[in-house]
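The values are calculated or read from the model by the stated rules, or taken from the named source; none is laboratory data. Since the model is a prediction, treat every value here as computed from it, not as a measurement. For neighbour counting, all protein chains shown are included, and Cβ atoms are generated from backbone atoms with ideal geometry for every residue, glycine included.
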Amino acid sequence: MTDFRSDTVTRPTPAMRAAIASAEVGDDVFGDDPAVNRLQTHAAELLGFEDAVFAASGTQTNLMGLLSHCERGDEAIVGQQWHTYRWEAGGMAVLGSIQPQPLEHGPDGTIPLESIAQAIKPDDPHFARTRLVCMENTTGGRVLPMDYLREVRALAAGRGLQTHLDGARLFNAAVEVAQRRRAGRREGDATGSDATDPRAVAREICSHFDSVSLCLSKGLGAPVGSLLLGSRPFVARARRWRKMLGGGMRQAGLLAAAGLHALEHHVDRLADDHALARRLAHGLAELGRAHGGVLQLEPPQTNILFVRVDGSIAGPFAEHLAAHGIRTTGSTGRYGAGLVQRWVTHLDVGPADIDAALAAAARFLESRR
């Protein structure tokens with residue numbers, strides 16, 4: 001069975017399992033777990049922050065970040081389809097009494113700067129106090145332009161606001177930007193930076209944010225865990241929120257060792273996932289064209305591919321794939337009318353899996369002629 005549902009389904013590699021087994025541990029609530037401390041220090045230095053805190057999930061680190069930036073009655077500007085607003089159970093409102101101000105974003109993932117500016121509330125007791133601008137990169141697998149990030153930062157700073165990045169797939173974005181620079185394609189990137197190492201690019205992305213949430217259990221392949229990065233005072237507040245949210249873990253070094261291994265060994269290989277997603281997209285697009293346009297898609301930028309399936313075949317097509325051991329996710333209405341399948345390439349997907357998926361799709365479409 002090949003699981004294209006998400007890059008969260010990855011399993012630890014043998015080398016990562018060895019790192020877990022040999023991890024030196026302590027009690028992280030007391031601050032003396034060596035593996036956790038090494039992970040936090042390494043990530044903070046890598047990405048240009050003063051400090052970092054390890055937590056169970058990206059949902060938790062995003063919420064810790066929002067709660068650390070905002071007080072009750074404050075407002076955070078977010079994207080209509082972003083995880084901080086739509087896919088994390090309303091935590092900022094339910095647990096933090098933070099008002100989300102969701103804004104529509106375009107197909108490229110950007111919210112127009114004028115929309116952000118218009119959404120910032122004046123200092124008036126009738127309104128919630130706008131305190132924070134949130135971004136998501138990647139968003140739906142698409143990479144926010146580097147110039148845009150700089151412009152958002154300048155807008156927020158000019159209005160006295162903080163910025164937070166849901167960087168669950170930060171390194172996917174960094175790998176793509178690095179590849180574009182190496183190829184001489186610099187669309188949306190007039191920064192003048194020549195950095196082509198994904199780690200340096202990730203640090204550059206982070207420079208536009210006061211805090212960043214980084215997931216270790218998606219494309220990086222760790223089994224559990226995320227990091228929240230920021231200044232030392234900010235991270236101190238976040239640690240208090242982690243405790244209140246029930247997130248104080250004890251011998252967490254077993255998990256932290258996997259996260260450290262991921263950061264040290266799994267960043268560059270994300271390019272393989274992107275290449276496989278492009279290969280899958282090319283094959284499905286060819287099949288769609290050969291069969292009357294029943295499959296429609298845009299070329300992916302990273303490891304996430306959305307395929308719009310004609311309603312006449314949507315159900316049987318998904319059932320056929322599942323019967324042949326190919327798992328995807330699908331939804332109706334999330335990205336407009338019709339059924340949209342999401343395919344995600346990751347550490348446990350290889351070239352043979354792409355070939356098998358395309359062959360299964362071809363057999364189904366041939367049978368429907």
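Key figures
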quantity: Condition check for PHE171: under 19 Å from ASN303 (Cβ atoms) and either touching a residue at least 12 places away in the same chain (Cβ under 8 Å) or surrounded by 24 or more Cβ atoms within 10 Å (Cβ to Cβ) (or both); calculated: yes
quantity: Residue match in segment 194-208 (condition: at pLDDT below 95, assigned by TED's automatic domain parsing to the domain that holds GLU45 and not aliphatic (A, V, I, L, M)); calculated: yes
quantity: Out of CYS206, CYS215, sole residue that is under 23 Å from THR130 (Cβ atoms) and either of a type outside the set (Gly, Ala, Ser) or out of contact with any Cys (no Cβ under 9 Å at 6 or more places or on another chain) (or both); calculated: CYS206
quantity: Residue among MET249, MET244 that is touching a residue at least 12 places away in the same chain (Cβ under 8 Å), out of contact with any Ser or Thr (no Cβ under 6 Å at 6 or more places or on another chain) and surrounded by fewer than 23 Cβ atoms within 10 Å (Cβ to Cβ); calculated: MET249
quantity: Yes/no for THR110 being modelled with pLDDT of 95 or more, of a type in the set (Ser, Thr, Tyr), assigned by TED's automatic domain parsing to the domain that holds ALA174 and touching a His at 6+ places or on another chain (Cβ under 8 Å); calculated: no
quantity: Filtered residues of segment 255-290 (kept if aliphatic (A, V, I, L, M) and more than 23 Å from the chain's Cα centre (by Cα)); calculated: LEU284, ALA285, LEU287, ALA290
quantity: Lone qualifier among LEU155, LEU149 - being crowded, with 21+ Cβ neighbours inside 10 Å and farther than 20 Å from ALA277 by Cβ; calculated: LEU149
quantity: Some residue of segment 94-103 being under 26 Å from MET249 (Cα atoms), in contact with a Pro (Cβ under 7 Å, 6 or more places away or on another chain), modelled with pLDDT of 95 or more and of a type in the set (Gly, Ala, Ser); calculated: no
quantity: Test for HIS346: is it assigned by TED's automatic domain parsing to the domain that holds ALA200, buried (at least 20 other Cβ atoms within 10 Å of the Cβ) and not aromatic (Phe, Trp, Tyr); calculated: no
quantity: Hits in segment 112-156 - residues which are without any contact (Cβ under 8 Å) to a residue 12 or more places away in the chain and either touching a Cys at 6+ places or on another chain (Cβ under 8 Å) or charged (D, E, K, R) (or both); calculated: GLU114, ASP123, ASP124
quantity: Among (1) modelled with pLDDT under 95; (2) surrounded by fewer than 13 Cβ atoms within 10 Å (Cβ to Cβ) - the single one PRO351 does not satisfy; calculated: (1)
quantity: Count of segment 292-320 residues which are more than 27 Å from THR138 (Cα to Cα) and crowded, with 19+ Cβ neighbours inside 10 Å; calculated: 2
